[in-house]
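Each remark here refers to the structure printed beneath this line.
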Amino acid sequence: MKKIIDAVLIFGFLLVDFFFFHDAFKAGERISLAQYLTGLLSIPVFVFSLRSLFQKQKTI
């Protein structure tokens, strides 16, 4: 279940980042503070989720 949550978090943040930043390189487009903060927040989410996804599970 944890791996599903990690995968959903990664996919969700990638989707949000795509919608926020897909126009970043267009002339005249401005990126707001909220978009920058979302981008910065997505970095630790990616790191922790990817680390959790590729971590070996402990057997009981």
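In the set (1) in a loop (DSSP other than H, G, I, E, B); (2) in contact with a Lys or Arg (Cβ under 9 Å, 6 or more places away or on another chain), the condition left unmet by Phe25 is number (2).
Residue by residue through the range 1-14, note down the ones that are β-branched (Val, Ile, Thr) and either surrounded by fewer than 12 Cβ atoms within 10 Å (Cβ to Cβ) or free of Cβ contacts under 8 Å to residues at least 40 places away in the same chain (or both). Can you show your working first?
Residues of the range 1-14 β-branched (Val, Ile, Thr): 4-5, 8, 10.
Passing the criteria: Ile4, Ile5, Val8.
Selection over the range 15-37 of residues that are within 10 Å of the chain's Cα centre (by Cα) and either in contact (Cβ under 8 Å) with a residue 24 or more places away in the chain or over 24 Å from Leu53 (Cα atoms) (or both) gives a count of 2.
Tallying residues that are surrounded by 15 or more Cβ atoms within 10 Å (Cβ to Cβ) and either of a type in the set (Asp, Glu) or in contact with a strand residue (DSSP E or B) (Cβ under 8 Å, 6 or more places away or on another chain) (or both) within the range 15-60 yields 1.
Read-outs throughout are calculated quantities, based only on the coordinates presented, and are distinct from any laboratory measurement. Here the structure is a predicted model, which is why all the values come from computation and not from measurement. Positions of Cβ are backbone-derived with ideal geometry, glycine not excepted, and every protein chain shown enters the neighbour counts.
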